[in-house]
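This report refers to the structure that appears directly beneath it.
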Amino acid sequence: MKVVVLGDGSREHTITILLSRSCISPKIYVLSSYRNPGLKKAAEDSGGQLFRCNILSPSEVKGIVDELSPDLIIIGPEEPQFHGVVDTLVDGGYAVFGATRKLAEIEKSKVFMRDLMWRFKIPGRLAFKAFTDVNEAMEYIENAGDVVIKPARQAGGKGVKVIADLQAYLSDIKSEIRREYAKKLISDVMTHYTDIDYKLLIEERVDGVEYTLMTITDGHTVLPLPLVQDHPHAFDNDLGPETGGMGSIQGPGYILPFINQQEYQESIEIIKSTLKALQTVVNDRYVGVLSGQMMLTPIWGPTVIEFYSRFGDPEVVNLLHVLDTDFLDIVEAAVSRKLASIKLKVRDDLVTVAKVVSPKGYPNNRRVAKGHPISVDEGLIRSNGCEVLYAGVELGSDGNLYTTGSRIATILCSGSNYKVVSDVANKCAELIKCIDGWDTFYRSDIGSESLVSERMRLAEAVRDVYTYRRKNNLVSIKVDWIPGRGATIYDYR
Amino acid sequence: MTGLIAVLAFDELWKVGKYVYYGLLASQNRGQDRYFAAVSDGEKLNVFEDDLNYLQINGSKLLNSNGHVGIGGTFTSNELHRVKYSYLREGWVEVAVIVDGIVDKDLTTLCRDLIKLMKSGNSLAEAFAEVVKGIHGIYSLICLSNRGELIAYRSTPGLRPLHIGSYGFDLAIVSTESTPISILGGDLKRSVRPGELVCITPEYVKSFTIKDNGRPALCSFEYIYMARPDSILDGIDVYHVRKSLGYQLASKFKHDVDIVVGVPDTALPYAIGFATALNKELDLGFISTGSKLRTAIKEDPKDRLIGIQLKLNPIRCVLSRRRVALVDDSLVRGVTIKNVVQILRNKLGVKEVHVVIGSPKLRFSCPYGMEIPPSDELLSANLDEALSTKYVEADSLTWLSAENVIELFNKYGVNLCLGCFLRSHLIG
Ligand SMILES: Nc1ncnc2c1ncn2[C@@H]1O[C@H](COP(=O)(O)OP(=O)(O)O)[C@@H](O)[C@H]1O
Ligand SMILES: [Mg+2]
C-alpha cells in the first residue's frame, strides 16, 4: 500500500511515524517544501521516498501524485487546503484525508467561522466585527476598548494582537498600538492574500484557560481525540511573544487535569454542531481533521478561539505515545466514510509532554535564526524513552542539518506523572544544539508542577463563575454601542 | 526604601515611557521623594531624574520618550546620602542601575565594571554574573543597557522582594511589589528566586542561579508596614497577613470598648481583622487632607507631625464620648499615636483610648535597608510597657508577640526575618 503525506513539519513527521507502525506497513511518500531529515528517514525506512515540491501548487502536487498513484493521501498543513490542492486531488479520483478548499474556510477565514457560529447559534461564540474597509476599521478601533485584532485570514499563526484595555491611563498608547498594528496587518500581511475580501476582524477579548480538541471526521461520525494543551508564549512562565506553539501536554486519558469530562463533552458538541453547520452551508462532505482551539471562559465555559482544518502542531505529537489504535485504519475508515466502525483505544496510564526547541530569534526575527548547523543526539534522546520530531530543520547538500529559522524540533516524552516527564523532556531538549554556538531555547516550565497547578487554579476560578452564571440564568446579551452609529446586540442565549 | 520597576516590550511598536511613569506612581509607597528612570530604544539610553513631586507636573519627557524598554525607581530622601542608582556611559556602552536594599559597592564603580566587561564582548547578563561576585549586600537590583538588555537580580536570602509579570504577548514587567504589575494591566507570574538572575531581551528570557544558599527568608516588616496591602509578595497576600495579625491581636486584648477605629491607611486591614475577631463595630475614625503621606518614613520630626495631623482629622460623631480601640500597624517613636490620643481625649472627649499595635515591639534598626530609626529613637527599645503606655497617654497598650507572627508565617511555610523585633536577625 502506498500513502502520500503532504507537509514538512513535526506534525507530518508524527503522521509518518504513526503510519509506519501500522501492521499493513505502507510505503510512505512525502511531498515537502524542504528536506526535513525526519520525514526523509521515515519515508525511506518504509521503502518510500521524499519529494521536494511546491506543496501549495495543486498542479505540481498532482503531477507527482499521478506518478505514484497512491492508495491514500494525507494532507498535513492548512495552506495546501486553502490553495485547492485537496480539490484537485479529489477531482483526480484520489482518496484524500484533508478538507477541501471551501470546507477549510472554517480555519482560513475567522470571519466566516464567527459568522457561521452566530448564524447557527453554536455555543462558545464571541462578539466580533469584520471590516473590508480600512478606514472604517480604523474608526472602530479608536473606541473599541477591550478587544483582539486579527487578520481576517489565517496567516500562519502570525498577526493576532491581544490588547487588554482596562486602564484609562494607558489607553491612548493602546489605541496607538492597535492603529499602528492594524495598518501593519493590512499592509504587510493581508496584501499577500487576494483570496479574501475582509481585511480585519475585531473580536471581544476573553480570559481563561486554553486547550485544543482535535477530532477526526468522515463528515458524519466525529471521533474525538484526547485533549491537549498547547503553550503559545515563547518563554517560561507564559512570557513573551506568540509562537506557533512551544510545547503541549496531554493526559491522563481523554481530559486534562484542569478540564473536566463535561467540558470535554461540551467541546465535542461544539465541534459536531459546527461540522454540521459547515457542511450545510458549503454543501460538501468533510473528510479529515477538525480541531477546536478552545478556551474555558467565564462567559461560556468552553469557548471557541479558532478552528483548525488539520491537526495542531505540536498538539498531535502528544498522541504518538498514547494512541493504541492503528492510525492507518482510522484514516482509511474516514476516507471510506466508515468512521463509525472505529473504536479508539487510548492509553490512560500515561501523561505526555511535548517540548519544542527553537533557535534564538524565533519567532520575531527569523532571519537571524536561519542557517545554523545543528546537532541532535538522537541516540541519547531515545535511550531516555523520548522521541524527536523534526520541524524547521533542513538536510543541507553537505549532509549537515541546518535551521530554517522556525521551530527546530519537538521532543516527546511520556510517563506516569507530569513532573517526571517534564524533567526528562528538559534533559532531552538540551541535546539539540546549534554547533556554531547560536543559542536555542525551549520552555522548561511546560508540564511542571507549578504551571499545571496554576492552570488548575485558574480553571477552577473560571468554572466557578460560568457554572454559577448558567445556573442562575445570567448568560444574556452584549451591547456594542458606538456613539452616533447605533448599537449592535449580541445574544448569547 | 526603593520601589523598582522595569518594562520591556517584545514588539518594538511599543513605547514604554508611559508604563515606567505609571509604574513609578504605583511604587510611591516605597519612596515618595525622588525618582530615576532610564529608557532604551535599543541604541541609546535616555535618563530622567527629579523630585517625585514633579513627576506629574513635568514627567512629559519620560511619558513621551522613545524606547521599548525602560526601568525606574522611587526613593525616599532619608536615603539620598546612600545613592541607590547610577548611570554611566563609556564609549559606546551605557548602563543604568537601580538598587533596593544595601550593597557594599559604589554603584558608579559597578557600572564601570559592567561596561568594561561588555566592551570585551560580554552581554549585560554575563558581565553582571561576573561583577556580582564582588558585591555583598541584601538587595534587589535592576539594570538596563543602551542595547536594551534588561536584567533583574534578587540577592539571597530574599529579604528585598522582586516580582515578574507580563502583559499578554507584548510586555514583560519586573517590579519590587506585585501591585505595579496589576496597575499596569499585567498579570503577576512569579517572584524572582533569591540568588536568581533574570535577563530579558526581545529575543530571550533566561534565568541563572547565581547563588543558592539554603532556605529563603522574607522580611517581616515588608508584610507589616512597607508593602502596599494590595500586593502579593512571594505568593503571600499582604492584606491577608495584616488582617490575620489583627485577628490574632484580639486574643491579647483584655478590655471592653464600644468601637474599633484604625489609623489610616496602613492600619485599616489590622483594624478589620481585630474588630471582626472581637465582634465589635468597626468605624471610620479619621479623614485625611491632601495627598497620601507615609508619615513614619519622614525624617524631620516636625514634618512628621504635620503629616500626621493632616492625615488624621477625626470624625466627631464616631468617636465622641465612646470607649475606643485605636489600631495601628506599628509603634516606632510613638509620636503619631500620642498625638492622636491627645486629640481624641482633649478635643473629642473620648472616654477611653486603648491602643492596639499590629506588630511586636519594634526595638532594633535594620541593617538590611529597611528604614527603621536607630534603637535610641525607638519607643519600645527605651521604655517598658507601663512607661510606654503612659507616654502615649493611652489607657492601655497592646502588642502582638513575635510568636504570633512566626506562627502565622509557619502556616505559609516560609522563613522570616524578625530582626527589628528580636535583634537576632534572620531567624525562622
Ligand atoms: N478573543 C480572544 N480573547 C483572548 N485571547 C485571544 C482571543 N483570540 C485569540 N486570543 C489569543 O491569541 C492567540 C492566537 O489567536 P488565534 O485566533 O488562535 O490566532 P492564530 O493562532 O491564527 O495566530 C490565542 O492562542 C489566544 O491566546
Ligand atoms: Mg491559534
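Which one of B:Gly186, B:Gly195 is under 21 Å from B:Asn29 (Cβ atoms), of a type in the set (Gly, Ala, Ser) and in contact with a Pro (Cβ under 9 Å, 6 or more places away or on another chain)?
B:Gly186
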Query raised in the report: Within segment A:414-426, is there a residue that is within 20 Å of A:Gly379 (Cα to Cα), surrounded by 15 or more Cβ atoms within 10 Å (Cβ to Cβ) and within 14 Å of chain B (Cβ to nearest Cβ)?
Result: yes
Requested in this report: Keeping to segment A:232-255, report how many residues are part of a strand (DSSP E or B) and facing chain B (nearest Cβ under 9 Å).
Outcome: 7
Requested in this report: Could you list, in sequence order, all residues of segment B:167-200 that are assigned to a strand (DSSP E or B), free of Cβ contacts under 8 Å to residues at least 24 places away in the same chain and open to solvent by 10 Å² or more (accessible area, probe 1.4 Å)?
Outcome: B:Asp187
**Report entry** In segment B:329-347, the residues that are crowded, with 21+ Cβ neighbours inside 10 Å and at pLDDT below 90
**Finding:** B:Thr336
Report task. Find all pairs meeting these conditions: Cβ atoms under 8 angstrom apart; at least six residues apart or on different chains; first residue within segment A:135-157 and touching a residue at least 60 places away in the same chain (Cβ under 8 Å); second residue surrounded by fewer than 20 Cβ atoms within 10 Å (Cβ to Cβ) and small (Gly, Ala, Ser). Result -> A:Ile141/A:Ser175
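Quick grid of which residues meet (1) over 25 Å from A:Pro298 (Cα atoms); (2) within 13 Å of ligand 1 (Cβ to nearest atom); (3) open to solvent by 10 Å² or more (accessible area, probe 1.4 Å):
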| site | (1), (2), (3) |
| --- | --- |
| A:Ala144 | no, yes, yes |
| A:Asp172 | yes, no, yes |
| A:Thr191 | yes, no, yes |
| A:Asp195 | yes, no, yes |
| A:Tyr198 | yes, no, yes |
| A:Ile202 | no, yes, no |
Query raised in the report: When only residues in segment A:351-377 that are open to solvent by 50 Å² or more (accessible area, probe 1.4 Å) and within 21 Å of A:Asp8 (Cβ to Cβ) count, which is farthest from the other protein chains (Cβ to nearest Cβ)?
Result: A:Lys370
Query raised in the report: Taking segment A:44-60 on its own, how many of its residues are part of a loop (DSSP other than H, G, I, E, B) and not β-branched (Val, Ile, Thr)?
Result: 7
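Kindly indicate the residue of segment B:201-226 that is assigned to a strand (DSSP E or B) and within 14 Å of another protein chain (Cβ to nearest Cβ) and also surrounded by the fewest Cβ atoms within 10 Å (Cβ to Cβ) among those meeting that condition. Spell out how you get there, then give the answer.
Within segment B:201-226, the first condition is being assigned to a strand (DSSP E or B), and the residues that meet it are B:201, B:204-209, B:217-219.
Keeping just the survivors that are within 14 Å of another protein chain (Cβ to nearest Cβ) gives B:201, B:204-209.
On the way: B:Thr201: 22, B:Tyr204: 15, B:Val205: 24, B:Lys206: 16, B:Ser207: 18, B:Phe208: 15, B:Thr209: 10.
Going through the qualifying residues, I end up with B:Thr209.
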Query raised in the report: From the residues in segment A:115-142 that are among the charged types (D, E, K, R), within 16 Å of ligand 1 (Cβ to nearest atom) and surrounded by fewer than 21 Cβ atoms within 10 Å (Cβ to Cβ), which one is farthest from A:Ser309 (Cα to Cα)?
Result: A:Lys129
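Just to be sure before I move on: is A:Asp464 within 17 Å of A:Thr297 (Cα to Cα) and open to solvent by 10 Å² or more (accessible area, probe 1.4 Å) in the structure I sent? Spell out the reasoning first.
Details: within 17 Å of A:Thr297 (Cα to Cα): yes; open to solvent by 10 Å² or more (accessible area, probe 1.4 Å): yes.
Yes, satisfied.
Quick one: is A:Asp207 in contact (Cβ under 8 Å) with a residue 40 or more places away in the chain, at the interface with another protein chain (Cβ under 10 Å from one of its Cβ atoms) and either open to solvent by 10 Å² or more (accessible area, probe 1.4 Å) or more than 15 Å from ligand 1 (Cβ to nearest atom) (or both)? First the steps, then the outcome.
Values: in contact (Cβ under 8 Å) with a residue 40 or more places away in the chain: yes; at the interface with another protein chain (Cβ under 10 Å from one of its Cβ atoms): yes; either open to solvent by 10 Å² or more (accessible area, probe 1.4 Å) or more than 15 Å from ligand 1 (Cβ to nearest atom) (or both): yes.
Yes; evaluated as a whole, the condition is true for this residue.
If you check A:Lys161 against the conditions, is it within 14 Å of ligand 2 (Cβ to nearest atom), within 14 Å of chain B (Cβ to nearest Cβ), in contact with a helix residue (DSSP H, G or I) (Cβ under 7 Å, 6 or more places away or on another chain) and touching a residue at least 40 places away in the same chain (Cβ under 8 Å)?
Values: within 14 Å of ligand 2 (Cβ to nearest atom): yes; within 14 Å of chain B (Cβ to nearest Cβ): yes; in contact with a helix residue (DSSP H, G or I) (Cβ under 7 Å, 6 or more places away or on another chain): yes; touching a residue at least 40 places away in the same chain (Cβ under 8 Å): no.
Judged against the criteria, A:Lys161 is not a match.
Mind checking which residues of segment A:29-43 are in contact (Cβ under 8 Å) with a residue 24 or more places away in the chain and part of a helix (DSSP H, G or I)?
First, the residues of segment A:29-43 that are in contact (Cβ under 8 Å) with a residue 24 or more places away in the chain: A:29-40, A:42-43.
Hits for segment A:29-43 are A:Pro37, A:Gly38, A:Leu39, A:Lys40, A:Ala42, A:Ala43.
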Query raised in the report: Picking from A:Val148, A:Val160, which residue would you name as being within 12 Å of ligand 1 (Cβ to nearest atom) and either small (Gly, Ala, Ser) or open to solvent by less than 30 Å² (accessible area, probe 1.4 Å) (or both)?
Result: A:Val148
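The rows are residues; the columns are (1) farther than 21 Å from B:Asn146 by Cβ; (2) of a type in the set (A, V, I, L, M).
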| position | (1), (2) |
| --- | --- |
| B:Thr74 | yes, no |
| B:Ser77 | yes, no |
| B:Tyr87 | no, no |
| B:Glu90 | no, no |
| B:Val93 | no, yes |
| B:Val97 | no, yes |
| B:Thr109 | no, no |
| B:Leu117 | no, yes |
| B:Gly121 | no, no |
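Counting only residues that are in a loop (DSSP other than H, G, I, E, B) and over 17 Å from B:Val414 (Cα atoms), which one in segment B:232-260 is most open to solvent (accessible area, probe 1.4 Å)?
Step one: of segment B:232-260, the residues in a loop (DSSP other than H, G, I, E, B) are B:234-235, B:253-258.
Keeping just the survivors that are over 17 Å from B:Val414 (Cα atoms) gives B:253-258.
Values: B:Phe253: 16, B:Lys254: 153, B:His255: 79, B:Asp256: 80, B:Val257: 2, B:Asp258: 53 Å².
Applying the filter and picking the extreme gives B:Lys254.
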Report task. From (1) within 21 Å of A:Leu201 (Cα to Cα); (2) away from ligand 1 (no atom under 16 Å from the Cβ); (3) open to solvent by 10 Å² or more (accessible area, probe 1.4 Å), pick out the condition that doesn't hold for A:Leu278. Result -> (3)
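Among the residues of segment A:192-201, is any assigned by TED's automatic domain parsing to the domain that holds A:Ile149 and free of Cβ contacts under 8 Å to residues at least 40 places away in the same chain? Don't jump to the end; show me each part of the working.
From segment A:192-201, those assigned by TED's automatic domain parsing to the domain that holds A:Ile149 are A:192-201; that's our starting set.
From what's left, free of Cβ contacts under 8 Å to residues at least 40 places away in the same chain: A:192, A:194.
Among the residues of segment A:192-201, at least one is assigned by TED's automatic domain parsing to the domain that holds A:Ile149 and free of Cβ contacts under 8 Å to residues at least 40 places away in the same chain, which makes the answer yes.
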Report task. Kindly check whether there is at least one residue in segment A:239-251 that is buried (at least 24 other Cβ atoms within 10 Å of the Cβ) and away from ligand 1 (no atom under 16 Å from the Cβ). Result -> yes
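The values are calculated or read from the model by the stated rules, or taken from the named source; none is laboratory data. These figures come from a predicted structure and were not determined experimentally. Heads up, the Cβs are rebuilt from the backbone with ideal geometry, glycines too, and the neighbour counts pull from every protein chain shown. The protein model used for the area step is the full one, side chains on, heavy atoms only, and it has no ligands, DNA or RNA in it. Shrake-Rupley method; radii C 1.70, N 1.55, O 1.52, S 1.80 Å.
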